[in-house]
Amino acid sequence: MSADGRRSTGSFSIGGDGRRAGVAGGGDAKRRSMPWQTATATAEPPASAPTLQQIKGRVHRRILERLNLSTLDRLERDEVVATIAKVVQDLVAQEQLPLNLGERELLVRQVVDEIFGLGPLEPLMQDEDVADILVNTYDQVYVERFGKLSLTDVRFQDDKHLLQVIDRIVSAVGRRIDDSSPMVDARLPDGSRVNAIIPPLAIDGPHLSIRKFKRDALTGDDLMSKGSVTKPMLELLDGIVRARLNILISGGTGAGKTTLLNVLSGSIPADERIVTIEDSAELQLRQPHVVRLETRSANIEGEGEVPQRQLLINSLRMRPDRIVMGEVRGAEAIDMLQAMNTGHDGSLTTLHANSPRDALSRLETMVSMANLNLPDKGVRQQIASAIDVIIQVSRLTDGTRKIVSVMEVVGMEGDVITMQEIFQFERQGTDEEGRVQGRFRPTGIRPRFTERLQAWGIALPAGLFSPLIDRGPEGARR
């Protein structure tokens, strides 16, 4: 037994199939046929025959013993790869190990990942289809592909191995994670967001969550091809951004809020000065005049924290034409609303909520966190005058992400903020494969902001708001 009460996994294995290897191969390992067995062999190998995983574990240890790790940081990556390949070749020859060429190359690649990358997670980081990597202790790694979670065969050796990878991530950004600071947010060099939490807060062992950073931001055409929006809706949203209406994007976790914010920001004219404020820099604005600000967590002594509210207040002194806030989370909501109401129109932000009405309620709650003792009606009037459009995005049961509602904030009736829906996604059930069926359709209401769009010289397609035009799942008129 190990110190934390878990069953020891024996020697460290980095096998390509992700399974853990014990010092003495278990029954399952014995039942699996080995690559060096002939095609006709059906009997179990002798008890003394080493499993492929045991061989890889032994080779890996020998490699680390023979390599001078202290000099690796002074070598180019190609030199290190060549050195590791030479060590593997020598060990295979000396011990007459039954590893074929493909297995040797795999072993070299995995050792390189251990030294330069995130170990067993490195292949997942290179997989373009993986959006999230979720490590639930050392022996359970999930990924999200196309909106669906699935369990992988990737494994760490043990919790200590996982902690080493976590420590490598956080130490690279000047942070630490230990018993006194068991929870940390960080960002990888490629921009991917990382959250780690370890015992005693995580009861079963260390947990690691990685939201991968997409190197190529999606475009409106990409969203249309995925069935997330229709062309008429996209034309309307483009006009809303160019006419400098204030937009709030609402949705649940992983619904595609930041992706949509990236797409909409592409409609901001190139001659405007944009200031972005984020907890973790994810936005990929392509305009030439962009100032990117990012919050800072407190240091080890608990000092030096710079929250979003402080950055937002500072940004108002930077002469922005527009403010784009990655996500409004707390007391900064009141400063965001005041900025929208005092000349910084055309601003965009996101918020976690399950519906447009919930988004308004959450904004009220966040404003109250500023402790300004504003009356409820006064807060709602601020919201109603600041926010022009609420776009609700959702991840459906089949993993697809769609804009399910476009709402215009009209004003106040008594103490209630009034809205009217312009577009909606009408769900019509699921097919035999579990895919959600439905259509995007206008409600027939012509929004009040169309006059503002016309004043900006933005012409909308004829019949855009007519409910008589049926639009199928892909938005085609018929």
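Checked against a 27 Å cut-off, the cross-linked pairs K86/K214; K226/K257; K160/K257; K377/K402; K86/K212 give Cα-Cα distances beyond that limit for K86/K214; K160/K257; K377/K402; K86/K212. Residues whose amide H lies under 5 Å from that of R296, counting only those 5 or more places away or on a different chain, are V306; hydrogens are built 1.01 Å from N in the peptide plane. For the range 312-363, the carbon plus sulfur part of the accessible surface works out to 46%, probe radius 1.4 Å.
Remark: the range 286-390 carries 49 Å² of accessible area per residue (probe radius 1.4 Å; ligands, DNA and RNA excluded).
Taken as Cα centroids, the range 214-245 and the range 284-317 sit 27 Å apart, rounded to the nearest whole angstrom.
Ligands, DNA and RNA excluded, the heavy atoms of E408 present near 10 Å² of accessible surface to a 1.4 Å solvent probe. The figure for T259 is an accessible area of roughly 50 square angstrom, using a 1.4 Å probe on the protein chains alone.
With a 1.4 Å probe rolled over the protein heavy atoms of all chains, the accessible area of D159, D271 falls in the order D271, D159, largest first. Per-peptide packing, taken as the mean over residues of other Cβ atoms within 10 Å, places 455-464, 287-296 in the sequence 287-296, 455-464 from highest down.
Looking at the range 137-185, the accessible area is 52 square angstrom per residue; that uses a 1.4 Å probe and ignores ligands, DNA and RNA. Length, then width, then depth: along the principal axes, the Cα atoms of the range 359-443 run 54, 26, 16 Å.
When you restrict to C-alpha pairs under 8 Å that are six or more residues apart and normalise by the size of the range 307-358, the relative contact order lands at 42 percent.
When each of the peptides 236-248, 138-150, 355-367 is scored by the mean number of other C-beta atoms lying within 10 Å of its residues, the order from highest to lowest reads 236-248, 355-367, 138-150. Heavy atoms only, probe 1.4 Å: what % of the accessible area of the range 396-454 goes to carbon and sulfur, would you let me know? Carbon and sulfur: 41 percent of the exposed surface of the range 396-454. When peptides 170-177, 275-282, 387-394 are sorted by average Cβ neighbour count within 10 Å, with the highest value leading, the order is 387-394, 275-282, 170-177.
The values are calculated or read from the model by the stated rules, or taken from the named source; none is laboratory data. These figures come from a predicted structure and were not determined experimentally. FYI the Cβ positions are ideal-geometry reconstructions off the backbone, even for glycines, and counts take in every protein chain you see. The area values use the complete protein model at the heavy-atom level, side chains included, leaving out ligands, DNA and RNA. Shrake-Rupley method; radii C 1.70, N 1.55, O 1.52, S 1.80 Å.
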